[in-house]
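This report refers to the structure that appears directly beneath it.
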Amino acid sequence: MASVTTDIKGVLAGLDQMMKRMSDGIDQGLNAGANLIEATDKETEAYLGMSGATRASSTAYVIGNGKDGSAEVSAGYQAAEAALTGFTGHEGRAQKTDSGITLQSSERGIILTSFTDYAQALEIENAGAKAHLGPSLLSKAKVVTGFVATSVKQKLA
Amino acid sequence: MALDIPTLTTDFYTILKSGTAGSAVRSALGNGATSVIPADMLRRYNNSNPMPARVLAAFRGGIITGNGRDGNDMFMRWWLYDDEQYQYNRINTVLPLIIAAYPESVINHAYTKLIGISQEAPDTTYQLPCRSITFVLSNRQ
């Protein structure tokens with residue numbers, strides 16, 4: 001009886017390459033999405049601001065796949081500190097705390113935040129009258145999904 | 001059909017204010033339909049015009065995204081308030097009742113979907129425990 005041996009190493013190598021290209025596409029799309037979300041939040045009209053610290057420190061960054069946003073967090077915190085240095089209009093201070101978000105190994109995402117100790121109050125007070133982080137994120141969520149899909153498609157082409 | 005913002009907004013609000021689907025929610029609030037208010041009314045209350053009895057549900061219409069051709073999403077948010085001594089215990093029992101009041105097809109010409117519930121954190125303006133629950137109405141033309 002004849003036997004057939006099939007070498008699937010080439011197929012597996014091809015699949016590995018495809019997965020890497022998809023991963024690169026996802027990262028590219030999410031990076032573009034984070035830039036868009038951050039720009040959207042910096043232009044928000046949901047609040048006026050007094051010191052400029054919230055707007056200056058508004059930061060969107062990608063997490064997952066080896067990214068933890070530490071550089072972006074540092075830059076955002078420094079922007080809040082700089083804006084609040086010498087400001088006496090209120091007693092707010094720059095602040096950075098752990099997001100508390102834990103991703104599974106295969107997950108990636110975008111965090112949008114600002115680095116003042118009154119950022120949370122701004123989102124909640126008066127039934128969210130000045131909330132901006134959620135609206136900025138939601139307003140671009142579908143666009144970001146499109147960015148990722150397009151980037152993956154381009155990488156696989 | 002064209003995006004009918006006033007009708008969709010009113011329909012969403014009315015479900016808790018007076019609709020049949022919201023009757024269980026009203027029963028769990030401080031003073032029934034009186035404890036269902038537009039969020040901007042919160043600023044009007046003071047010692048001589050006190051806030052309705054808690055648990056209180058305050059409505060705020062959110063952003064509207066999308067374009068007509070590919071559909072629009074209208075984000076709607078209820079803010080639940082309670083007195084400090086109850087913390088979030090009573091608020092947390094009302095939240096599932098609100099979820100049950102908004103099944104997918106409860107509003108004409110739109111799909112209704114729960115987006116999420118905020119963390120427990122006080123509204124520093126009123127120093128009251130509060131949580132928000134956000135829905136999206138997806139309209140297709």
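The values are calculated or read from the model by the stated rules, or taken from the named source; none is laboratory data. Bear in mind the structure is a predicted one, so any value in this text is a computation, not a measurement. Cβ coordinates were reconstructed from backbone atoms using ideal geometry, including for glycine residues, and neighbour counts include every protein chain displayed. All accessible areas refer to the heavy atoms of the entire protein, side chains included, with ligands and DNA or RNA removed. Shrake-Rupley method; radii C 1.70, N 1.55, O 1.52, S 1.80 Å.
Scan B:Tyr86, B:Tyr126, B:Tyr81 and give me the residue that is of a type in the set (Ser, Thr, Tyr) and open to solvent by less than 50 Å² (accessible area, probe 1.4 Å).
Values: B:Tyr86 fails: open to solvent by less than 50 Å² (accessible area, probe 1.4 Å); B:Tyr126 fails: open to solvent by less than 50 Å² (accessible area, probe 1.4 Å).
B:Tyr81 is the lone residue from the list that is of a type in the set (Ser, Thr, Tyr) and open to solvent by less than 50 Å² (accessible area, probe 1.4 Å).
Among what's in region B:39-64 and is under 21 Å from B:Tyr88 (Cα atoms) and at the interface with chain A (Cβ under 9 Å from one of its Cβ atoms), pick the residue that is nearest to the chain's Cα centre (by Cα).
Here the residue is B:Phe59.
What's the number of the only condition in (1) at pLDDT 95 or above; (2) more than 30 Å from B:Ala2 (Cα to Cα) that B:Asn49 fails to meet?
(1)
Looking at region B:86-98, is at least one residue within 24 Å of A:Ser139 (Cβ to Cβ), under 14 Å from the mean Cα position of the chain (by Cα) and not β-branched (Val, Ile, Thr)?
In the first step, residues of region B:86-98 are kept if they are within 24 Å of A:Ser139 (Cβ to Cβ); the result is B:98.
So of that shortlist, the ones also under 14 Å from the mean Cα position of the chain (by Cα) come out as B:98.
Narrowing the set further to residues that are not β-branched (Val, Ile, Thr) leaves none.
Looking for residues that are within 24 Å of A:Ser139 (Cβ to Cβ), under 14 Å from the mean Cα position of the chain (by Cα) and not β-branched (Val, Ile, Thr), one finds none in region B:86-98, hence no.
Restricting attention to region B:103-141, which residues are of a type in the set (Gly, Ala, Ser) and under 30 Å from B:Ala2 (Cα atoms)?
Let us first name the residues in region B:103-141 that are of a type in the set (Gly, Ala, Ser), namely B:105, B:110, B:116, B:118, B:121, B:132, B:138.
Once the filter is applied, which keeps residues that are of a type in the set (Gly, Ala, Ser) and under 30 Å from B:Ala2 (Cα atoms), region B:103-141 yields B:Ser105, B:Ala110, B:Gly116, B:Ser132, B:Ser138.
Do you know which residues across region A:65-83 are outside any loop (DSSP other than H, G, I, E, B) and open to solvent by less than 10 Å² (accessible area, probe 1.4 Å)?
The initial filter retains those residues of region A:65-83 that are outside any loop (DSSP other than H, G, I, E, B), namely A:67, A:70-83.
The answer is A:Gly76, A:Ala80.
Could you tell me how many of the residues in region B:89-131 are within 14 Å of chain A (Cβ to nearest Cβ), touching an Asp or Glu at 6+ places or on another chain (Cβ under 9 Å) and farther than 19 Å from B:Ser23 by Cβ? Give the steps one after another, and end with the answer.
Initial filter on region B:89-131 (within 14 Å of chain A (Cβ to nearest Cβ)): B:91, B:113-131.
Next cut, touching an Asp or Glu at 6+ places or on another chain (Cβ under 9 Å) only: B:91, B:113, B:118, B:121-131.
So of that shortlist, the ones also farther than 19 Å from B:Ser23 by Cβ come out as B:113, B:118, B:121-131.
The number of residues fulfilling the criteria is 13.
Cβ-Cβ below 7 Å, separation at least six or inter-chain, first residue in region A:85-100 and more than 13 Å from A:Asp117 (Cα to Cα), second part of a loop (DSSP other than H, G, I, E, B) and open to solvent by less than 60 Å² (accessible area, probe 1.4 Å): which pairs?
Between residues of region A:85-100 that are more than 13 Å from A:Asp117 (Cα to Cα) and residues that are part of a loop (DSSP other than H, G, I, E, B) and open to solvent by less than 60 Å² (accessible area, probe 1.4 Å), the close pairs are A:Phe87/A:Ser51; A:Gly89/A:Ser51.
Kindly check whether there is at least one residue in region B:57-78 that is at pLDDT 95 or above, over 16 Å from A:Gly128 (Cα atoms) and not in a strand (DSSP E or B).
No, every residue in region B:57-78 fails to be at pLDDT 95 or above, over 16 Å from A:Gly128 (Cα atoms) and not in a strand (DSSP E or B).
Results for (1) touching a Pro at 6+ places or on another chain (Cβ under 8 Å); (2) under 16 Å from A:Tyr47 (Cα atoms); (3) surrounded by fewer than 18 Cβ atoms within 10 Å (Cβ to Cβ); (4) within 13 Å of chain B (Cβ to nearest Cβ), shown as yes or no for each residue.
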{"residue": "A:Gly86", "(1), (2), (3), (4)": "no, no, yes, no"}
{"residue": "A:Pro135", "(1), (2), (3), (4)": "no, yes, no, yes"}
{"residue": "A:Lys142", "(1), (2), (3), (4)": "no, no, yes, yes"}
{"residue": "A:Ala149", "(1), (2), (3), (4)": "no, no, yes, no"}
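Pick from region A:1-44 the residues that are assigned to a helix (DSSP H, G or I) and of a type in the set (Val, Ile, Thr): which of them is farthest from A:Leu156 (Cα to Cα)? Step through it out loud before you land on a result.
Filtering region A:1-44 for residues assigned to a helix (DSSP H, G or I) gives A:9-42.
Narrowing the set further to residues that are of a type in the set (Val, Ile, Thr) leaves A:11, A:26, A:37, A:40.
On the way: A:Val11: 16, A:Ile26: 11, A:Ile37: 26, A:Thr40: 29 Å.
The selected residue is A:Thr40.
Of the numbered conditions (1) open to solvent by 50 Å² or more (accessible area, probe 1.4 Å); (2) within 15 Å of A:Glu125 (Cβ to Cβ), B:Arg131 fails exactly one; give the number of that condition.
(1)
Among the residues of region B:74-87, is any within 12 Å of chain A (Cβ to nearest Cβ) and farther than 15 Å from B:Arg131 by Cα?
Yes, the conditions are met somewhere in region B:74-87.
State all residues of region B:99-109 that are over 13 Å from the mean Cα position of the chain (by Cα) and open to solvent by less than 10 Å² (accessible area, probe 1.4 Å); if no residue qualifies, say none.
If we filter region B:99-109 for residues that are over 13 Å from the mean Cα position of the chain (by Cα), which is where we start, we get B:103-109.
The one that is over 13 Å from the mean Cα position of the chain (by Cα) and open to solvent by less than 10 Å² (accessible area, probe 1.4 Å): B:Ile107.
Any residue in region A:94-105 that is under 20 Å from A:Ala141 (Cα atoms) and open to solvent by less than 50 Å² (accessible area, probe 1.4 Å)?
Checked region A:94-105: no residue is under 20 Å from A:Ala141 (Cα atoms) and open to solvent by less than 50 Å² (accessible area, probe 1.4 Å).
Restricting the search to region A:114-133, which residues are buried (at least 21 other Cβ atoms within 10 Å of the Cβ) and of a type in the set (Ser, Thr, Tyr)?
Correct list: A:Ser114, A:Thr116.
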